[in-house]
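The structure appears below as structure tokens.
Every read-out reported here was derived from the displayed coordinates using simple, explicitly stated rules and does not represent laboratory data. Owing to the predicted nature of the structure, the values given are computational and were not obtained by experimental measurement. Here the Cβ positions follow ideal geometry from the backbone for every residue, glycine too, while neighbour counts run over all protein chains shown.
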Amino acid sequence: MDANRDTLARIAALPPADRRAALRALGRAEFERCAADPLYWLFHPSIPYVYTIDYHPVYRCVLCSTEGHRHHKLRTHLQLAHNLDVDALAARSHFVELPPIRPFPHKPYFEPIVRTWQTEQLILVEKSRDMMATWLFVALYAWDTLFHPGRQNFIQSETAKKTRELIRRAHFIWRNQPNFLRPHPVVYTVGTDGSGELHCEALNSSIIGLPQGSDKIRQYHPTGVFTDETAFHPQAAETFAAIKPAIQSGGRYTGVSSAAPSWFMHAALDTLDTP
């Protein structure tokens, strides 16, 4: 029994007691399916389970119903897709602004990245703007933490404030899921150093935010570590060295960054040993 609109319509037609039992069974089955496959959870074929939030305006074209157009691309889309050459004011009349909370987008490069993340302990991803790579990996580490017991995942960004924002994204993803995917309470706090923490006591799983640097993470034996904008971490090499034993024992490390000369650049290009 899959969670699609036809199934929900059939369940809605059942007597109240049977309907409640069917919904509980469906919720348990969907939780297990999501726990088994992050792609199923991220891109459920019928009903969105995972949401993002973006306060930058994005528009849907009413002529062809395509989404994801930024303000500066409206006229370009009309010219290329509909052969309409209009001024900026007239262009706005052909679009509807989308709400800031939106289903997680299904970009064509997400699936190979997710499958690589599942099978490789160490991956480094060079990103550019609007790729949503940071959102994707926050979601994946949230999935690992919120669906599985005994996880201790860490997220690092350039500052405590930026790291806390990433932990808040993970909490946002959790609280915007359907209720049947939230059977366990989750607590978000700013953490002892202001970098954010997310705890699921029922699963004994956590995401802990840490500011960049190797000193604090050295005392842990994490399940996974995600560093964002790694090229801008002065101690990225030392941090990786500190967690390398945990990776070799079965953990994972994910580094994501835009371009800059750095340890990350050489590691991503496999030129660390190049003179």
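For the chain, what D do you get in µm² per second when you plug the Kirkwood radius from alpha-carbon pairs into Stokes-Einstein at 37 °C and 0.692 mPa s?
In µm²/s, the coefficient is 159.
Tell me, what ³J(HN,Hα) does each residue in region 227-238 have, in order and in whole Hz, if you take phi through Karplus 6.51 cos²θ - 1.76 cosθ + 1.60 with θ = phi - 60° and put x for Gly and Pro?
Per-residue couplings from phi come out as 10, 9, 6, 4, 5, 9, 9, x, 9, 4, 5, 5 Hz.
I'd like the trypsin sites (Lys or Arg not before Pro) in region 79-139 restricted to DSSP loop residues with at most 14 other Cβ atoms within 10 Å, sorted by number.
Values: sites: R92, R115, K127, R129; in loops: K127, R129.
In loop regions of region 79-139 (DSSP not H, G, I, E or B), the sparsely surrounded trypsin sites (Lys or Arg not before Pro) are R129.
Report the antiparallel proportion of the DSSP beta bridges in the chain as a percent, rounded to a multiple of 5. Before the final figure, lay out the partial values.
Values: 15 of 35 bridges.
Antiparallel bridges: around 45 percent, rounded to the nearest 5.
Chymotrypsin sites (Phe, Trp or Tyr not before Pro) within region 109-145: which are DSSP loop residues with at most 16 other Cβ atoms inside 10 Å? Don't jump to the answer; show the numbers that get you there.
Working: sites: Y109, F110, W117, W135, F137, Y141, W143; in loops: Y109.
Passing sites in region 109-145 are Y109.
For region 229-275, what is one quarter of the convex hull surface built on the Cα atoms, given in nm²?
On the way: hull surface 13.7 nm².
Averaged projected hull area, Cα only: 3.4 nm².
How much net charge surrounds A12 when only other residues with a Cβ under 15 Å from its Cβ are counted (Lys, Arg +1; Asp, Glu -1)? List each step's numbers first, then the result.
Details: positive: R5, R10, R19, R20, R24; negative: D6, D18.
So the environment of A12 carries a net charge of +3.
Using the Karplus equation 6.51 cos²θ - 1.76 cosθ + 1.60 (θ = phi - 60°), what ³J(HN,Hα) coupling, rounded to whole Hz, does each residue of region 127-134 give in order, writing x for Gly and Pro?
10, 10, 4, 6, 6, 6, 5, 5
To check you understand DSSP bridge types, tell me what percent of the beta bridges within region 150-275 (both residues inside) are antiparallel, rounded to 5. Mind dumping the intermediate values first?
Values: 7 of 22 bridges.
Within region 150-275, antiparallel bridges account for around 30 percent of the total.
At 0.36 nm per residue, and after removing the present C-alpha to C-alpha distance, how many nm does the segment from R70 to D270 gain when stretched out fully? Kindly include the intermediate steps, with their values, before the conclusion.
Working: separation 200, 0.36 × 200 = 72.00 nm, distance 3.56 nm.
Computed gain between R70 and D270 is 68.4 nm.
Given H placed 1.01 Å from N in the peptide plane, which residues other than close sequence neighbours of T52 have an amide H under 5 Å from its amide H?
Here R102, F104 satisfy the definition.
Got a sec to turn the phi values of region 183-200 into Karplus ³J(HN,Hα) couplings, 6.51 cos²θ - 1.76 cosθ + 1.60 with θ = phi - 60°, whole Hz, x for Gly and Pro?
Along region 183-200, the couplings run x, 10, x, 10, 10, 9, 9, 6, x, 5, 10, x, 9, x, 8, 10, 10, 10 Hz.
Taking region 79-218 as the region of interest, what is the percent of Cα-Cα pairs per 5 angstrom bin, listed from the shortest bin to the one with the maximum distance?
2, 8, 15, 17, 18, 15, 8, 5, 5, 4, 2, 1
Taking a 20 Å limit on the Cα-Cα distance, which of the listed pairs K73/K107; K107/K127; K161/K216; K127/K244; K216/K244; K127/K162 fall beyond it? Mind dumping the intermediate values first?
Values: K73/K107 18 Å; K107/K127 14 Å; K161/K216 16 Å; K127/K244 23 Å; K216/K244 14 Å; K127/K162 17 Å.
Too far apart for the 20 Å limit: K127/K244.
Considering amide H positions built from the backbone, and no H for Pro or chain starts, which residues 5 or more places from L122, or on another chain, come under 5 Å of its amide H?
Excluding prolines and chain starts, which carry no amide H, the hits are Y253.
Out of residues 5 or more away from F154 or on other chains, whose amide H comes under 5 Å of its own, with H placed 1.01 Å from N in the peptide plane?
I208, G224, V225, F226
Could you work out the local net charge near T52, counting Lys and Arg as +1, Asp and Glu as -1, over the other residues with Cβ closer than 9 Å to its Cβ?
+1
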